[in-house]
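Chemist: My structure is below; once you've seen it, I'll send some questions.
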Amino acid sequence: MYEFFSHSDADTKAFGERLAKLVAPGDVITLEGDLGAGKTTFTKGLAKGLGVQRNVNSPTFTLIKEYEGKYPLYHMDVYRLDEDEDLGFEEYFQSDGVTVVEWASRIAELLPQERLDIEIKRIGEESRAIRCTPHGKRYEALCKELSS
Ligand SMILES: Nc1ncnc2c1ncn2[C@@H]1O[C@H](COP(=O)(O)OP(=O)(O)OP(=O)(O)O)[C@@H](O)[C@H]1O
Ligand SMILES: [Mg+2]
């Protein structure tokens, strides 16, 4: 596990922006953390780093939003989905885009084995621990790069 700390909304966005420089087409990033932890905030930073021009907001009601950037960005929030209900996720996971899934544990059975799990934990009013667990060599290398 690789742990990073954020002390503001801007910090979390900057972390996402930094990660954007390291992602590749087909990458899958899962996000866990309580309501208001900063999952969407992180995704805004990631989108910025991918050169997405449009404003990224929570896909809570639409479940999946697509943005054009350096690579397509697929932003999902499966909080309201029935457990392991499949909306054709595999097509996204195997696409040439970068897929981010908020509340991914709800679809645990449908996630690809190789992926980057990120947990954002509130440790203070504005402080967050960002815990990255890589699954697979590619994500292991990515985490090493992130922490260097
Ligand atoms: N260090 C921080 N990192 C991220 N967000 C922070 C931080 N400090 C304060 N905030 C605030 O916390 C809120 C995080 O909201 P955000 O929508 O990103 O959470 P979320 O995890 O996506 O929640 P949800 O589960 O409802 O989708 C924002 O209002 C943001 O400004
Ligand atoms: Mg959110």
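The values are calculated or read from the model by the stated rules, or taken from the named source; none is laboratory data. These numbers were taken from a predicted model, which means no experiment stands behind them. Cβ sites come from the backbone with ideal geometry, for glycine too, and all protein chains shown count toward neighbours. We work out accessible area using only protein heavy atoms, side chains counted, and drop any ligands, DNA or RNA first. Shrake-Rupley method; radii C 1.70, N 1.55, O 1.52, S 1.80 Å.
Chemist: Just the number please: accessible area per residue for the chain, 1.4 Å probe, all protein chains included, in Å².
Modeler: With all protein chains present, the chain gives 52 Å² per residue.
Chemist: Moving to a separate point now. Would you mind telling me the share, in percent, of accessible area of segment 2-147 contributed by carbon and sulfur at probe 1.4 angstrom?
Modeler: 45 percent
Chemist: Could you count how many Lys pairs in the chain have their Cα atoms under 17 Å apart, skipping same-chain pairs fewer than 8 positions apart?
Modeler: Taking the Cα cut-off of 17 Å, the pair count is 16.
Chemist: Let me know the shape class of segment 2-147, please: from the alpha-carbon gyration tensor, a ≥ b ≥ c as square roots of the eigenvalues, rounded when a/c is under 1.5, otherwise prolate if a/b is greater than b/c, or oblate.
Modeler: rounded
Chemist: With Cβ to Cβ distances under 14 Å as the rule, what net charge do the other residues near Pro72 carry (K, R +1; D, E -1)?
Modeler: Result for the local shell: -2.
Chemist: Count the net charge of all other residues whose Cβ sits under 13 Å from the Cβ of Tyr2, scoring Lys and Arg as +1 and Asp and Glu as -1.
Modeler: Neighbour charge sum, excluding Tyr2 itself: -2.
Chemist: Right, another one. Taking trypsin sites (Lys or Arg not before Pro) as candidate sites, keep only those in a DSSP loop with at most 14 other Cβ atoms within 10 Å, then name the longest stretch of the chain containing none of them.
Modeler: Longest stretch, sites excluded: 81-148.
Chemist: Ok, one more. Please list, by residue number, every one of the GluC sites (Glu not before Pro) in segment 50-141 that is coil in DSSP and has at most 14 other beta-carbon atoms within 10 Å.
Modeler: Glu68, Glu83, Glu85, Glu125, Glu126
Chemist: In whole Hz and in residue order, list the ³J(HN,Hα) couplings for segment 98-107 that follow from phi through the Karplus curve 6.51 cos²θ - 1.76 cosθ + 1.60, θ = phi - 60°; x for Gly and Pro.
Modeler: With the stated coefficients, segment 98-107 comes to 9, 10, 10, 10, 7, 6, 4, 4, 5, 10 Hz.
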